[in-house]
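The values are calculated or read from the model by the stated rules, or taken from the named source; none is laboratory data. Worth saying up front: this structure is predicted, and the values here are computed from it rather than measured. Backbone-built Cβ (ideal geometry, glycine too); neighbour counts: all protein chains shown. Quick note on the areas: whole protein, heavy atoms, side chains included, nothing else; ligands and nucleic acids left out. Shrake-Rupley method; radii C 1.70, N 1.55, O 1.52, S 1.80 Å.
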Amino acid sequence: MKLPGISGPIPRGWFYALFALSGFAGLIYESIWSHYLKLMLGHAAYAQTLVLVIFMGGMAIGSFLAGRWSQGVARPLLWYAGAEGLLGVAALLFDLVFRQMSGWLFDSVIPGLEAGWTIDLVKWGAATLMTLPQAILLGATFPLMSAGLLRAHPGTPGQSLSWLYFTNSLGAAIGVLASGFYLIDAVGLPGTILTAGLVNFALALTVYVAERSTPPPPRVLAGERAAAGSGGVAVPAMLLTALLTGAASFLYEIGWIRMLSLVLGSATHSFELMLSAFILGLSLGSFYIRKRIDTAVEPLKLLGWIQVAMALLALLSLPLYLKTFDAMGIAFRALSPTEEGYAGFMLFSHALCLALMLPVTICAGMTLPLITAALLRAGHGEGSIGRVYAANTVGAIAGVLLGVHVLMPLAGLRWVVMGGALVDLGLGAWLLLRAGGPFGRQPRLALAGALLLALGLVLTVRLDPRTTVSGVFRSGETRVTGDVIFLRDGKTATVDVQRHRDGSMSIATNGKVDAAIGAKGRPSPDDSTMVLLGVVPLAMLPEAKTVGVIGMGSGRTTHTLLSSSRLERVDTVEIEPAMVEGARQFGDSVKLAYTDPRSHIHIEDAKTYFARNRRQYDIVMSEPSNPWVSGVSTLFSEEFYRQVKTYIRPKGLFVQWLQLYETDVRLLSTVFNALGAEFQDYRAYYTNDGDMLIVASKDGAVPELNDWVMQEPGVMELLKGINIRTLADIEQRRLGSQATLAPYFASFGYQPNSDYFPVLDQNAASRRFMRRSAVEISDLQPYTMRLEDRRPPGPGLNAVDRLWFSDAMVQAELIARYYAQPGRRTLLPGMHGNVVSILNDLDLEGRRCEAMDLELSWLPAVRSVVRLYGPYLPAQVGKAIADQVRRSGCDSALTPRQRDWLGLLQAQAARDWTATVAISQRLLAATPPTASEAQVLLAECLLGVLKTDGPSGMTLMLLRYGDIPLLESPPLRFLTANGS
């Protein structure tokens with residue numbers, strides 16, 4: 001088999017196009033490995049760091065080995081085809097091998113190990129074993145492809161190498177974006193890595209056939225004899241340069257990724273935009289130098305000035321970085337919260353990445369082609385290609401480790417970038433001095449000026465914490481109004497604590513507030529969530545002795561748990577030490593988390609901690625950040641729920657904090673579907689209008705609340721602080737249980753959120769930008785309550801702020817008390833204005849029973865009661881309103897439709913389902929399908945059918961009223977789903 005049109009050497013353009021595809025596949029691997037390995041390591045930041053180290057380490061080994069023995073190989077392109085083929089085979093097997101290896105580690109290996117470095121060594125060793133062989137093969141591709149190209153086209157080797165660097169890096173930049181923005185969402189992690197493997201197979205086949213179609217090229221490069229003007233280029237100096245510039249470049253990358261996370265948000269797509277911008281700069285640098293590389297008379301001097309320029313540009317990126325907050329604030333306010341606006345947000349975010357990175361990375365992209373070409377011209381042979389590539393990647397590894405584990409936590413974020421700049425500056429000066437030859441007055445002045453400018457920037461540039469932690473990507477605001485009282489650049493996140501003007505405090509990671517505690521007497525919404533996270537499961541499980549908490553947050557939940565005297569142990573697992581240190585700033589509000597001997601705080605990822613200890617708990621609770629934060633969605637996956645329930649004792653409970661803001665119902669359904677697939681029952685409670693807690697049981701039904709917890713003085717003090725004084729105040733927040741909610745969430749047709757098909761991770765960031773929320777599920781509460789045969793929990797309720805159905809229960813109780821008054825009734829304190837207006841309109845006594853008055857005042861009041869308060873009223877209220885009509889003498893003046901609305905109110909309050917169905921059908925017959933009350937009437941009708949005939953009676957109803965938009969109304973979708 002031969003390729004048509006090839007009679008001589010393979011054309012240059014073929015090499016460049018093929019190597020672009022190789023870069024495309026290679027960076028898909030780097031991107032996808034970070035997704036896989038975060039499942040093993042527990043955090044996206046750790047996974048990204050380890051992948052960089054393994055990826056670059058393997059590249060170094062592969063390029064070094066291939067560079068050494070490629071000179072003795074007659075046809076290096078055949079070996080290149082073999083490497084691409086082996087990469088394809090590895091891609092086919094990777095998903096299966098990873099799942100088997102991960103399961104074996106957490107089920108069999110880690111449980112037998114002690115805490116500490118041994119577990120890290122095992123996990124990192126397993127990750128290395130699964131990815132290093134492929135990384136070595138990837139590293140071997142460049143020297144082999146370069147050798148094949150330079151043998152086939154020995155003229156202008158420097159230009160040829162620049163083109164290879166350019167096309168490979170360009171393909172890599174595209175591969176990152178294709179993987180993150182399309183492939184993972186379309187085909188999941190397994191399908192994405194398989195796509196890269198298919199590209200490898202196609203490359204292997206194409207290169208093999210093309211190479212077999214041409215005569216073998218000469219083994220000796222034309223450039224192996226020293227070219228004129230290339231003397232003085234020593235191999236050790238060039239390799240040291242490659243190593244140090246690699247270290248500096250990756251210090252920049254590590255620093256910029258954290259810095260830009262504070263501007264763009266630390267979502268998965270943000271990381272991909274940053275990585276693609278970095279690689280694109282390298283590509284453009286290689287492209288720029290391509291025509292100058294073979295004509296450079298003094299390559300050392302050119303390289304030295306490039307290093308100096310790179311250092312200055314890196315230092316100047318710091319003040320430029322502070323301006324990106326203003327730019328993002330303007331863009332955030334200007335872009336509409338729509339799908340199109342989000343696309344614009346992504347494009348603008350990419351533009352910011354490019355503006356910050358390109359000047360430096362273009363310089364970095366010039367260095368490797370220049371170093372390699374200089375060695376080739378000096379007669380050091382094609383083996384120098386692999387040695388330069390290897391030295392550069394070893395330096396990159398050193399830069400990653402130095403940045404993440406030393407400079408970031410010890411010196412702070414700006415010193416990661418400044419450290420890289422000082423390395424480049426020193427290297428540039430050394431190269432200029434080493435180059436020899438005349439060094440005139442102007443170059444000396446230029447170098448001195450560069451050194452002075454660098455010194456000035458190092459001494460004067462500071463990153464203003466009130467700007468960097470502003471969370472501009474969520475609010476458009478570029479400065480916080482409070483005082484930043486704590487700031488740490490941790491290994492996985494930048495953590496800050498702020499004290500606000502109203503006395504409240506908040507803790508944030510990478511600019512995203514994770515928890516807030518209100519001032520005394522003014523609880524924040526998060527206060528309610530954190531306290532109820534601790535109280536609700538304790539109220540359900542009086543015998544509970546041990547609790548495991550995933551995530552430190554502010555420490556308020558752990559403090560709440562320890563306020564109970566019955567608990568014997570609370571283990572709080574947090575992966576970021578800076579979070580634990582920052583939470584201390586909340587003082588007495590969280591003090592038990594730090595002072596109570598029953599409290600144990602563990603710095604580790606939760607999956608490893610639970611697997612190692614094999615301790616089972618009565619209660620395990622997870623309080624993660626929002627799902628759009630990179631890596632967090634794995635704490636809402638079916639794999640996580642499957643694993644975590646093995647650490648819960650029989651009859652124990654799992655508790656999940658779930659945010660209802662910056663998401664939508666469809667994405668929420670993936671979480672409920674995942675939870676329902678692994679637990680036998682769950683129950684959902686609102687903690688405030690934007691957050692929810694879900695209690696799940698792995699054995700049977702979730703228990704009912706027990707009031708024993710109200711007798712605990714410490715717990716009761718915390719509850720009073722969030723306006724809860726009785727068990728009924730908690731029970732009123734209940735949305736529903738799995739029996740009624742699961743069909744509703746299944747109706748959206750989304751699969752459970754999975755680690756390997758991460759629909760939540762891929763889509764949550766766009767919902768954040770579009771300011772979406774899932775508040776409409778609160779509309780289900782009147783129907784879940786009645787479908788589950790529950791009544792409002794009792795008298796004396798305190799309404800939950802901004803939670804409409806809680807307010808409706810309180811107002812319904814006041815309405816009931818109003819009609820229970822003997823004799824002349826008086827309005828009660830606490831009644832809302834609209835309730836007062838409704839009661840006045842319902843009171844027909846002393847009025848003339850005029851048709852217009854009945855139609856325009858009395859009937860709308862009846863409809864309002866049916867729509868807002870009827871589900872929470874006792875039967876006596878419906879009877880009292882009907883009696884009021886009779887006493888007024890207006891009974892005979894009512895039209896049949898008005899009489900039916902009154903009858904529906906009575907049936908609704910009495911929960912007379914047969915009457916409800918009959919009356920609502922009569923009203924529906926006279927109501928246009930597009931009228932607002934049509935959906936209310938149909939919902940009452942369907943609920944009545946479900947209560948009387950069950951699902952079997954639903955089909956006819958749905959056929960009869962199919963012209964009413966069922967799926968647009970949450971209650972109608974809910975009832976339809978429960979009847980299907």
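With respect to the stated conditions, L132 is open to solvent by 30 Å² or more (accessible area, probe 1.4 Å), assigned by the TED database to the domain that holds M40, farther than 25 Å from F640 by Cα and within 29 Å of the chain's Cα centre (by Cα).
Scanning the range 790-808 for residues that are surrounded by 14 or more Cβ atoms within 10 Å (Cβ to Cβ) and small (G, A, S) turns up G794, A799, S806, A808.
If a residue counts only when it is of a type in the set (F, W, Y), open to solvent by less than 10 Å² (accessible area, probe 1.4 Å) and closer than 29 Å to S563 by Cα, which strands (runs of 3 or more DSSP E) contained entirely in the range 612-714 have at least 1 such residues? First the steps, then the outcome.
Details: elements: 617-622, 648-659, 681-688, 691-697.
In the range 612-714, the matching strands (runs of 3 or more DSSP E) lie at 617-622, 648-659, 681-688.
Checked against the criterion of being in a helix (DSSP H, G or I) and not assigned by the TED database to the domain that holds E813, the candidates A861, A939 yield just one match: A939. As for the range 299-319, it holds at least one residue that is out of contact with any strand residue (DSSP E or B) (no Cβ under 6 Å at 6 or more places or on another chain), assigned by the TED database to the domain that holds G379, more than 22 Å from T245 (Cα to Cα) and touching a residue at least 24 places away in the same chain (Cβ under 8 Å). Within the range 32-60, being touching a Gly at 6+ places or on another chain (Cβ under 6 Å) and either at pLDDT 75 or above or assigned by the TED database to the domain that holds E253 (or both) holds for K38, G58, M59.
Considering only the range 809-826, how many residues are of a type outside the set (K, R) and surrounded by 13 or more Cβ atoms within 10 Å (Cβ to Cβ)? First the steps, then the outcome.
Pass one, the range 809-826, residues of a type outside the set (K, R): 809-816, 818-823, 826.
Those still in the list that are surrounded by 13 or more Cβ atoms within 10 Å (Cβ to Cβ) too: 809-816, 818-819.
Number satisfying all stated conditions: 10.
Mind listing whichever residues of the range 525-547 are surrounded by fewer than 23 Cβ atoms within 10 Å (Cβ to Cβ) and hydroxyl-bearing (S, T, Y)? Selection gives T546 alone.
In this structure, E940 does not satisfy being open to solvent by 20 Å² or more (accessible area, probe 1.4 Å) and under 47 Å from the mean Cα position of the chain (by Cα).
In the set (1) open to solvent by 50 Å² or more (accessible area, probe 1.4 Å); (2) among the charged types (D, E, K, R); (3) modelled with pLDDT of 95 or more, E845 fails one condition alone, (3).
Note on the range 261-276: among residues that are outside any helix (DSSP H, G or I) and either in the same structural domain as Y29 (by the TED database) or touching a helix residue (DSSP H, G or I) at 6+ places or on another chain (Cβ under 7 Å) (or both), the one that is modelled with the highest pLDDT is G265.
Restricting the range 257-295 to residues that are among the aromatic types (F, W, Y) and farther than 25 Å from F325 by Cα, the residue that is farthest from the chain's Cα centre (by Cα) is Y288.
Residue by residue through the range 73-94, note down the ones that are open to solvent by 30 Å² or more (accessible area, probe 1.4 Å) and touching a residue at least 40 places away in the same chain (Cβ under 8 Å). Walk me through it before giving the result.
Residues of the range 73-94 that are open to solvent by 30 Å² or more (accessible area, probe 1.4 Å), as a first pass: 74-75, 78-79, 82, 86, 89, 92-93.
Hits for the range 73-94 are A74, R75, L78, W79, G82, L86, V89, L92.
Of the residues making up the range 76-87, not a single one is under 24 Å from E639 (Cβ atoms), in the same structural domain as T206 (by the TED database) and not aliphatic (A, V, I, L, M). Contact map, the range 273-292: first residue of a type in the set (F, W, Y), second residue open to solvent by 10 Å² or more (accessible area, probe 1.4 Å), Cβ cut-off under 6 Å, separation 6 or more or different chains; pairs are F287/F166. All conditions but one from (1) part of a helix (DSSP H, G or I); (2) over 20 Å from A60 (Cα atoms); (3) open to solvent by 10 Å² or more (accessible area, probe 1.4 Å) apply to L368; the one that does not is (2). Kindly indicate whether D605 is of a type in the set (D, E, K, R) and closer than 30 Å to Y744 by Cα. Judged against the criteria, D605 is not a match.
Take V51 and tell me if it is surrounded by fewer than 19 Cβ atoms within 10 Å (Cβ to Cβ) and among the β-branched types (V, I, T).
Details: surrounded by fewer than 19 Cβ atoms within 10 Å (Cβ to Cβ): no; among the β-branched types (V, I, T): yes.
Taking the combined requirement at face value, the residue does not satisfy it.
For the range 416-500, the helices (runs of 4 or more DSSP H) that sit wholly inside it and include 3 or more residues that are more than 22 Å from the chain's Cα centre (by Cα), buried (at least 17 other Cβ atoms within 10 Å of the Cβ) and of a type outside the set (S, T, Y) are 441-460.
Conditions (1) of a type outside the set (D, E); (2) touching a Phe, Trp or Tyr at 6+ places or on another chain (Cβ under 7 Å); (3) outside any loop (DSSP other than H, G, I, E, B); (4) within 30 Å of L318 (Cα to Cα), marked per residue:
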site	(1), (2), (3), (4)
F345	yes, yes, yes, yes
A351	yes, no, yes, yes
A355	yes, no, yes, yes
T361	yes, yes, yes, yes
A373	yes, no, yes, no
S384	yes, no, yes, no
T393	yes, no, yes, yes
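Scan the range 807-822 and tell me whether some residue there is over 26 Å from L727 (Cα atoms) and either not in a loop (DSSP other than H, G, I, E, B) or not acidic (D, E) (or both). Yes, the range 807-822 has at least one match.
Answer yes or no as to whether G379 is more than 34 Å from the chain's Cα centre (by Cα), modelled with pLDDT under 85 and surrounded by fewer than 23 Cβ atoms within 10 Å (Cβ to Cβ). Here the answer is yes, as G379 does meet what is asked. Scanning the range 293-316 for residues that are buried (at least 24 other Cβ atoms within 10 Å of the Cβ) and of a type in the set (S, T, N, Q) gives a single hit, Q307. Annotation note: Cβ proximity below 6 Å between a residue of the range 950-979 that is without any contact (Cβ under 8 Å) to a residue 60 or more places away in the chain and a residue that is open to solvent by 10 Å² or more (accessible area, probe 1.4 Å) and part of a loop (DSSP other than H, G, I, E, B) (sequence gap 6+ or interchain) occurs for D963/P929; I964/P929; L972/L966.
Please specify each residue of the range 598-611 satisfying the condition of being open to solvent by less than 20 Å² (accessible area, probe 1.4 Å) and not small (G, A, S). Result: D605, T608, Y609, F610.
So, of the residues in the range 163-222 that are assigned to a loop (DSSP other than H, G, I, E, B) and crowded, with 17+ Cβ neighbours inside 10 Å, which turns out to be modelled with the lowest pLDDT?
Going through the range 163-222, the residues assigned to a loop (DSSP other than H, G, I, E, B) turn out to be 213-221.
If we keep only those that are crowded, with 17+ Cβ neighbours inside 10 Å as well, we get 214, 217, 221.
Values: T214: 73, P217: 65, L221: 45.
Filtering the range 163-222 for residues that are assigned to a loop (DSSP other than H, G, I, E, B) and crowded, with 17+ Cβ neighbours inside 10 Å, the one modelled with the lowest pLDDT comes out as L221.
Here are some residues: D483, D496. Which one is charged (D, E, K, R) and touching a residue at least 60 places away in the same chain (Cβ under 8 Å)? Give the steps one after another, and end with the answer.
Values: D483 fails: touching a residue at least 60 places away in the same chain (Cβ under 8 Å).
Exactly one residue qualifies, and that residue is D496.
Being within 30 Å of I603 (Cα to Cα) and either crowded, with 21+ Cβ neighbours inside 10 Å or modelled with pLDDT under 80 (or both): is that true of L150 here? When the stated conditions are applied, L150 does not pass them. Being open to solvent by 40 Å² or more (accessible area, probe 1.4 Å), part of a loop (DSSP other than H, G, I, E, B), at pLDDT below 95 and not small (G, A, S) is a description that applies to T930.
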